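*Asks:* Here it is, the structure, as structure tokens.
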Amino acid sequence: MFKKETYTERRAALKKAVGTGLLLFLGNDESSCNYADNTYPFRQDSSFLYFFGLPFAGLAAVIDLDEDRETVFGDELTMDAIVWTGARPTLREKSAAAGICHVKPSRELEACLREAVRTGRPVHYLPSYRPEHQIKLWRLLGTLPDNETPSTPFVRAVVNLRNCKTEEEIAEIEKACRVSAEMHLAMIRTVRPGIRECEVAAAVEAVAAAQNCRLSFPTIATVNGQTLHNHDHGNRVKSGDLFLLDAGAETETGYAGDLSTTVPADPVFTARQRDIHDIQQASCAASVAALRPGIRFEEVYDLSARIIVDGLKSLGLMRGDAAEAVAAGAHALFYPHGLGHMMGLDVHDMENLGELYVGYDGQPRSRQFGRRSLRLARRLEPGFVHTIEPGIYFIPELIDQWHEGKRFADFINYDRVMTYRDFGGIRNEDDYLITDTGARLLGTKISRKAEDLEKMRGELP
């Protein structure tokens with residue numbers, strides 16, 4: 001946890017932004033894996049963490065805006081629980097560390113909310129992402145799960161507060177990024193022909209565990225980089241493969257890092273691999289150079305895509321005007337996702353609150369394939385933390401579909417593309433803080449230049 005004043009100041013800013021009624025925060029419960037006592041690792045709801053800092057299961061909180069009262073609802077450990085978990089501070093003691101002096105048993109939450117509903121007072125709550133939250137809302141408020149109507153003013157207030165990171169948050173994200181970089185260096189040292197993907201993933205995840213960090217998302221460690229979220233680790237690495245790692249650490253306070261690195265299984269890239277890798281790196285460099293307060297991130301995405309199109313034109317894979325190709329969406333055959341996403345207490349920060357508000361500031365998003373996957377498009381502001389992660393992929397099923405339909409044939413040379421059908425994919429990713437004048441890399445720099453990666457690969461035993 002941060003110091004008590006951090007949480008009291010956050011709640012004060014939130015109260016000022018919303019105005020009237022009750023703000024309901026549902027913390028997370030333990031979630032069973034295959035029977036009640038065998039649970040998944042517990043992770044507190046991020047907005048609950050942000051405003052209350054309490055990483056414990058079974059809690060809820062209510063901020064009464066009209067009476068200026070903040071209450072945590074939960075239950076003290078029973079002796080049966082203490083036998084298994086050991087002694088812990090009381091809930092009142094834990095809550096005091098977050099500046100909360102009112103603590104009530106869980107059973108009193110329903111009466112508190114029902115009274116508010118009975119007297120016509122608004123009860124604001126955030127979108128739910130767990131089924132049990134929907135059931136709780138139904139029970140507590142009489143709100144049917146399929147008719148859930150979260151409070152837009154509450155959502156926007158939370159987004160506006162959490163989007164701009166404070167110095168203490170940045171320090172935590174930096175820590176997560178440093179550990180994440182060590183995870184990626186472990187991959188670079190470990191990958192070789194003959195090893196299994198699961199062995200690489202194990203080496204990567206051991207780095208996080210050794211620093212008392214958990215994973216910020218399930219590790220992607222794969223020779224099939226063309227599959228964007230590939231969590232299968234069952235393949236054996238072969239000579240000639242590319243190996244893509246997308247992995248990050250999460251600190252004890254819940255802040256995330258998120259990096260991607262692609263290396264050859266062999267000591268050096270093949271000529272074809274290096275050609276594509278260098279285009280991806282040119283896109284990264286141009287994107288980072290463009291970062292500054294006030295620029296729309298979608299403009300940076302367009303720049304990254306034009307660089308990729310121009311590079312692919314040099315290899316005979318695309319043709320025509322790069323800007324026209326990007327406007328039409330032809331680049332998405334090779335680059336079907338966004339350039340980056342916000343980061344903080346979630347690796348895709350506040351995605352459960354809706355990218356319409358987090359990444360688009362309430363503006364509509366495109367429906368165009370590829371462009372519709374932008375998680376961030378809004379004007380950048382100092383304090384934003386986000387990723388930069390352009391990628392180039394050769395997805396056989398997508399190539400075949402577009403080829404059959406002759407999609408964007410004015411821009412795509414399918415005869416040439418078919419010779420790359422089994423290439424795979426390349427993505428490299430870093431995390432950046434928007435400053436008053438530009439952007440700053442967070443964490444430890446890992447050079448993704450081909451010659452630097454080859455030097456690191458060549459130093460392996």
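The values are calculated or read from the model by the stated rules, or taken from the named source; none is laboratory data. None of the values given here were measured: they were computed from a predicted structure. Don't worry about glycine lacking a Cβ; one is built from the backbone with ideal geometry, like all the others, and counts go over all protein chains shown. Areas reflect the complete protein model, heavy atoms only, side chains present, ligands, DNA and RNA absent. Shrake-Rupley method; radii C 1.70, N 1.55, O 1.52, S 1.80 Å.
*Asks:* Residues of the stretch 31-132: accessible area per residue at 1.4 Å, in Å²? Don't skip to the answer; put the middle values down first.
*Replies:* Values: 5650 Å² over 102 residues.
Normalised by residue count, the accessible surface of the stretch 31-132 is 55 Å².
*Asks:* If you project the alpha carbons of the stretch 369-461 onto the principal axes, what extent comes out on each, in Å, largest first?
*Replies:* 47, 46, 19
*Asks:* Is the shape of the stretch 245-292 best called rounded, prolate or oblate, per the rule: a/c under 1.5 gives rounded, else a/b larger than b/c gives prolate, else oblate, with a ≥ b ≥ c the square roots of the Cα gyration tensor eigenvalues?
*Replies:* The shape class here is oblate.
*Asks:* If you don't mind, another one. Please give the per residue accessible area of the stretch 134-275, computed with a probe of 1.4 Å over protein heavy atoms only, in Å².
*Replies:* Result: 40 Å² per residue.
*Asks:* How long is the gain from Val117 to Cys33 if the chain were fully straight, where each residue apart is worth 0.36 nm and the alpha carbon distance is subtracted?
*Replies:* Separation in residues times 0.36 nm, less the Cα-Cα distance, equals 26.7 nm.
*Asks:* Same structure again: Suppose R0 equals 45 Å. What FRET efficiency, 1/(1 + (r/R0)^6) with r the Cβ-Cβ distance, do Met1 and Ala409 give to the nearest 0.05?
*Replies:* Efficiency, from the Cβ-Cβ distance: 0.20.
*Asks:* Once you place label points 7 Å from the Cα toward the Cβ at Ile295 and Ala282, how far apart are they in nm?
*Replies:* 1.8
*Asks:* If ligands, DNA and RNA are left out, what is the accessible area of Asp29 with a 1.4 Å probe, given in Å² to the nearest 10?
*Replies:* 40
*Asks:* Also: Using Cα-Cα distances under 8 Å and only pairs 6 or more residues apart, what relative contact order does the stretch 17-118 have, in percent?
*Replies:* 25
*Asks:* Given Lys3/Lys175; Lys16/Lys136; Lys94/Lys445, which pairs have Cα atoms separated by over 29 Å? Mind dumping the intermediate values first?
*Replies:* Values: Lys3/Lys175 18 Å; Lys16/Lys136 27 Å; Lys94/Lys445 37 Å.
Correct reply: Lys94/Lys445.
*Asks:* Once the piece of chain linking Ala12 and Lys238 is laid out straight, how much longer is it, given 0.36 nm per residue of separation minus the C-alpha distance between them? Display every interim value, and only then the final one.
*Replies:* On the way: separation 226, 0.36 × 226 = 81.36 nm, distance 5.63 nm.
Here the segment from Ala12 to Lys238 would lengthen by 75.7 nm.
*Asks:* A further question on this structure: Between the helical axis of 167-190 and the dominant principal axis of the chain, each derived from Cα atoms, what acute angle in degrees is found, rounded to the nearest 10?
*Replies:* The angle comes out near 40 degrees.
*Asks:* Can I ask one more? Mean separation of Cα pairs under 8 Å and 6+ residues apart, divided by the residue count of the stretch 55-191: what relative contact order is that in percent?
*Replies:* For the stretch 55-191, the relative contact order is 15 percent.
*Asks:* Moving on to the next point. Report, in degrees rounded to the nearest 10, the 0 to 90 angle that the Cα long axis of helix 109-118 makes with the longest principal axis of the chain.
*Replies:* Between helix and principal axis, roughly 80 degrees.
*Asks:* Hey, another quick one. Heavy atoms only, 1.4 Å probe, whole protein assembly: order His133, His348 by accessible area, highest first.
*Replies:* Solvent-accessible surface, decreasing: His348, His133.
*Asks:* Quick check: pseudo-label points 7 Å beyond the Cα along Cα→Cβ at Ser447 and Arg88, how many nm apart are they?
*Replies:* That separation, rounded to one decimal, is 4.8 nm.
*Asks:* I've got another one for you. Taking a probe of 1.4 Å, how large is the accessible area per residue of the stretch 292-371, in Å²? Can you show the working numbers first?
*Replies:* Details: 2780 Å² over 80 residues.
Ligands and nucleic acids excluded, the figure is 35 Å² per residue.
*Asks:* Now for a different question. Using only alpha carbon pairs under 8 Å that are at least six residues apart, calculate the relative contact order of the chain and give it in whole percent. Write out the running numbers ahead of the final one.
*Replies:* Numbers: 883 pairs, mean separation 65.4, N = 461.
Once normalised by length, the contact order is 14 percent.
*Asks:* Then there's this: Points 7 angstrom from Cα along the Cβ direction at Ala323 and Lys455: gap in nanometres?
*Replies:* Rounded to a tenth, the inter-label distance reads 3.8 nm.
*Asks:* What is the percent carbon and sulfur in the accessible area of the stretch 56-198, measuring with a 1.4 Å probe over the protein chains and ignoring ligands?
*Replies:* 55
*Asks:* So, with a 1.4 angstrom probe, what is the percent of accessible area on the stretch 303-418 that is carbon and sulfur?
*Replies:* Taking all protein chains in place, the stretch 303-418 shows 47 percent carbon and sulfur surface.
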